[in-house]
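Report on the following structure.
The values are calculated or read from the model by the stated rules, or taken from the named source; none is laboratory data. Remember, predicted model here, so these are calculated numbers, not experimental data. For neighbour counting, all protein chains shown are included, and Cβ atoms are generated from backbone atoms with ideal geometry for every residue, glycine included. Keep in mind that these areas ignore ligands, DNA and RNA; they rest on the heavy atoms of the full protein, side chains included. Shrake-Rupley method; radii C 1.70, N 1.55, O 1.52, S 1.80 Å.
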Amino acid sequence: MSFLFGGDKIKGTLVLMQKNVLDINSLTDPAKLIDGALDGFGSILDTLTSFLGASVCLQLISSTKPLLSGEGKVGKEAYLKEAINNLPTLGDKQTAFSIEFEYDSNFGIPGAFKIKNYMSTEFFLVSLTLDDIPNLGTIHFVCNSWVYNAKKYQTDRIFFANNTFVTSETPSPLVYYRQLELKTLRGNGTGERQEWDRIYDYDVYNDLGEPDKGQSYARPILGRSSDHPYPRRGRTGRKPTATDPNSESRGNSVYIPRDEAFGHLKSSDFLVYGLNFDDVFDLYEGGIKLPTDIISQISPLPVLSEIFRTDGEQFLKFPTPKVIQVSKSAWMTDEEFGREIVAGVNPGLIRALQDFPPKSKLDSAIYGDHTSTITKEQIELNLEGFSTLDEAIQNKKLFLLEHHDTIIPYLRLINSTSTKAYASRTILFLKNDGTLRPLAIELSLPHPQGDQFGVVSNVYLPAIEGVEATIWLLAKAYVIVNDSCFHQLVSHWLNTHAVVEPFVIATNRQLSVLHPIYKLLHPHYRDTMNINALARQSLVNADGIIEKTFLWGGYAMEISSKVYKDWVFTDQALPADLIKRGIAVEDSTSPHGLRLVIEDYPYAVDGLDIWDAIKTWVQDYVSIYFISDEKIQQDTELQAWWKEVVEVGHGDKKGEAWWPKLQTRGDLIHVCNIIIWTASALHAAVNFGQYPYGGFILNRPTLSRRLMPEKGTPEYDELSTNPQKAYLKTITPKFQTLIDLSVIEILSRHASDEYYLGQRDSAEYWTSDTNALAAFKKFGKTLAEIEGQLILRNTNESLRNRVGPVSMPYTLLYPSSEEGLTFRGIPNSISI
């Protein structure tokens, strides 16, 4: 190590990256597409000279030597010297520059730096490394931030070294800069946000509708309402609509804090159009030729190569979904129907049947009696080894999949459109071989004389031949339509995407990048605000993709807000969720302290392994920085963060008694465990199986067009003369099928630059704390061991739910994955 004296210099390396990120406004702004935004990722190497001279200015900030005013000393201005072309650690499309800072011993140890960009265009700042610091060695600054022209900012851009400090232990010369940076990120809550802004703030979901286009495009405001409670989203400050001053106007672009658009955004490949097909299998085997003018019908997002496979004319072909790769008929079996309830794309709804008959929680004064009409006699027809229903319930052999109370208040409205559907209850029996057999399906419609009279219900029982077999298949289809819709709007959107966004906002507003909990949680927020903003633009908006292709239609988001009324943060913890649903009981002698009632429950079994691995990692990490509960209570940033999450981000639930108080290390560990689980493993479990299961629309239809045929009608006769045609006439039509397949194929793919659980960007330098690095390495090793156990588990032929009749091993919670449509892998964050 060389020792520097007065007049010496500190040598550094600055790494920049070119614009390889597709910003959300480029995705949705046709003008930018026409201007070539999709092709405009030219290399920074073409303009290296523009970074030299006086174009980019840096100043070091001391972490040990304060000015009289208290803040750290600021060094002299330094500029980039020359490009470094042979740096072995450079990533893809990154460029390094050398820089020298004047230094003397009175300056102390650098702990931060200021940077000013005097060029007209922004650049992505990856990192700064300072070498040969006296008595210290190397200092790393992990930046990962867009830097615009200095005139765009009201305060200097500041970056901190990769040290970690709880609030009270911040070196005094850095306190001012730590507080200044947080104040900048919070903004003042006014004005319309601009592309270069970095401000994190809250708003309600008042941008889903477009009332200026007509009443049919108006949608309720979700949030800050007892009727329509909802998590908060990122504030944009766009102007109100002319028709409704409480609704925000929409446009071709949407603001998100600039650094939230960091990652590769495969969601740019959403496709919105329909097609005319004769055979569903042509979508996978032969492909579909498209009209030559189809491009003009695509709206609002561009079509990229993942969907179009072009051979001179527009030609569309989808990869064969896993669910029909081995057998084209196994999806129709009752065993596969039951298996997908515990190993499919929506595995968190089944619950133990504890009371019979099932009853409704709806207000009987408004909706009448909704007690199930399924009878004991119907259930007792197929109880393997049990003589009575009560005996089966006592032995925890009966289970319920319910899609009744959620949809009933809206079912009359939904059925007044071209969509025709039922509320449903499905009772299943746990067989001795561990599989689930559906015993009865109840389909209900609102009473024709009015809601107060309750419902009209029919119960359908299993059948394997004749018209009854087709009716049974249709009954299962109505259940799956309900399940598909609940999955997309609640299990997937609300319970992962929407509920996590307030944590993203609060963390950036209240926790400094120096804070250990910021460093713990930040990887699990990557791209979440970005994909959520895009979803509000094109997926969950009025007349968007979800409304076009799913059962709930124009009521989709409104219904999800009704479900949010019952959302409980602590129930997002997998053990608590399993216990609440009666699927598990506490048992200290069982793995993870829980005994599963359904032992062969792939989502729960694998999920508990992952849950506990996350818990151990969080425990190890938190214990490094918080040696007592008092340190939690006294950490002002941490307490401000939690207060804002509860009272603002999830403000419609702020009065709930179940919120942890964040007064102990146990509270903090549990809160962080839930956040990380939700953003990583829970999202992976409900997202990356969408195309493998739902890419075959017959297996997971998203809407239904007609009610169950009645005897004496031509439709009923068709059940025997042409059952396949009858089925196709009932489920998702052709136009909506193509929209659905196009979208879920993209949603089910992993990006090339994905970071998976146990991995981090800047893996060696995200912190200077060797104890934290060692704990994280241990976490990664644990996950690798778990993956090996899951692979072995899938070879156990006695665990029939792991593979099923479709020969499709449950791999959704394997931690690692390659790029593409893999049906496995747990990304750190909700990035799609």
**Q.** Verdict on LEU813 being open to solvent by less than 20 Å² (accessible area, probe 1.4 Å) and part of a loop (DSSP other than H, G, I, E, B)
**A.** yes
(Q) Go through (1) farther than 30 Å from ARG412 by Cβ; (2) within 23 Å of the chain's Cα centre (by Cα) for LEU799 and report which single condition fails. (A) (2)
Q: Consider only pairs whose beta carbons are under 8 Å apart and that are at least six residues apart or on different chains; among these, list those whose first residue lies in the stretch 764-775 and is of a type in the set (Gly, Ala, Ser) and whose second residue is part of a helix (DSSP H, G or I).
A: ALA772/PRO516; ALA772/LYS519; ALA772/TYR621; ALA772/ILE624; ALA775/TRP617; ALA775/ASP620; ALA775/TYR621; ALA775/ILE624
(Q) Going residue by residue through the stretch 624-636, is there one that turns out to be under 30 Å from MET808 (Cβ atoms), open to solvent by less than 40 Å² (accessible area, probe 1.4 Å) and in a helix (DSSP H, G or I)? (A) no
Q: Enumerate the helices (runs of 4 or more DSSP H) found wholly within the stretch 357-408, keeping only those where 1 or more residues are buried (at least 17 other Cβ atoms within 10 Å of the Cβ) and free of Cβ contacts under 8 Å to residues at least 60 places away in the same chain.
A: 389-394
Q: Please note which strands (runs of 3 or more DSSP E) are completely contained in the stretch 35-120 and include at least 2 residues that are at pLDDT below 80, within 18 Å of PHE141 (Cβ to Cβ) and small (Gly, Ala, Ser).
A: none
Q) open to solvent by less than 10 Å² (accessible area, probe 1.4 Å), out of contact with any Cys (no Cβ under 9 Å at 6 or more places or on another chain) and not in a helix (DSSP H, G or I): does that describe ILE697? A) yes
Q.
With at pLDDT below 95, in a loop (DSSP other than H, G, I, E, B) and surrounded by 20 or more Cβ atoms within 10 Å (Cβ to Cβ) as the only criterion, which of GLU754, GLU764, GLU745 stands out?
A. GLU754
Q. Is there any pair with a first residue in the stretch 707-732 that is under 26 Å from LYS548 (Cα atoms) and open to solvent by 70 Å² or more (accessible area, probe 1.4 Å) and a second that is among the acidic types (Asp, Glu) and part of a helix (DSSP H, G or I) whose Cβ atoms are under 7 Å apart and which are 6 or more apart or on different chains, and what are they?
A. LYS725/GLU718
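Yes or no, residue by residue, for (1) over 23 Å from LEU520 (Cβ atoms); (2) in contact with a Phe, Trp or Tyr (Cβ under 7 Å, 6 or more places away or on another chain); (3) at pLDDT below 95:
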site	(1), (2), (3)
THR732	yes, no, yes
THR795	yes, no, no
ARG802	yes, yes, no
VAL806	yes, yes, no
Q: Please find, within the stretch 225-263, the residue that is surrounded by the fewest Cβ atoms within 10 Å (Cβ to Cβ) out of those that are of a type in the set (S, T, N, Q) and over 30 Å from TYR148 (Cα atoms).
A: SER226
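Okay, residues lined up against (1) over 26 Å from TYR756 (Cβ atoms); (2) among the small types (Gly, Ala, Ser); (3) in contact with a helix residue (DSSP H, G or I) (Cβ under 6 Å, 6 or more places away or on another chain); (4) open to solvent by 30 Å² or more (accessible area, probe 1.4 Å):
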| site | (1), (2), (3), (4) |
| --- | --- |
| ASN532 | no, no, yes, no |
| ALA542 | yes, yes, yes, no |
| ILE546 | yes, no, yes, no |
| TYR555 | yes, no, yes, yes |
| VAL568 | yes, no, no, no |
| GLN572 | no, no, yes, no |
(Q) Need the failing condition index for LEU773 against (1) modelled with pLDDT of 95 or more; (2) crowded, with 24+ Cβ neighbours inside 10 Å, just the number. (A) (2)
Q: Sort out which residues of the stretch 49-83 are open to solvent by less than 40 Å² (accessible area, probe 1.4 Å) and among the β-branched types (Val, Ile, Thr), and write them in order of number.
A: VAL56, ILE61
**Q.** Residues located in the stretch 132-143, provided they are farther than 11 Å from PRO110 by Cα and modelled with pLDDT of 95 or more
**A.** VAL142, CYS143
(Q) Kindly evaluate ILE786 against the criterion of being of a type in the set (Val, Ile, Thr) and more than 30 Å from LEU698 (Cβ to Cβ). (A) yes
**Q.** The lone exception for THR737 - which of (1) within 25 Å of TRP472 (Cβ to Cβ); (2) more than 25 Å from the chain's Cα centre (by Cα) it fails
**A.** (2)
**Q.** Count of residues meeting criterion [aliphatic (A, V, I, L, M) and farther than 20 Å from GLU248 by Cβ] in the stretch 546-560
**A.** 2
Q) Can you tell me which of LEU208, LEU222 is in contact with a Ser or Thr (Cβ under 8 Å, 6 or more places away or on another chain), of a type in the set (A, V, I, L, M, F, W, C) and open to solvent by less than 30 Å² (accessible area, probe 1.4 Å)? A) LEU222
Q: Could you check how many residues of the stretch 449-494 are under 26 Å from the mean Cα position of the chain (by Cα), closer than 14 Å to TYR727 by Cα and of a type in the set (Phe, Trp, Tyr)?
A: 0
Q.
Looking at the stretch 121-139 only, could you name the residues that are assigned to a strand (DSSP E or B) and more than 34 Å from the chain's Cα centre (by Cα)?
A. LEU130, ASP131, ASP132, ILE133, GLY137, THR138, ILE139
Q: Go through the stretch 583-596 and give me each residue that's part of a loop (DSSP other than H, G, I, E, B), aliphatic (A, V, I, L, M) and open to solvent by 20 Å² or more (accessible area, probe 1.4 Å).
A: none
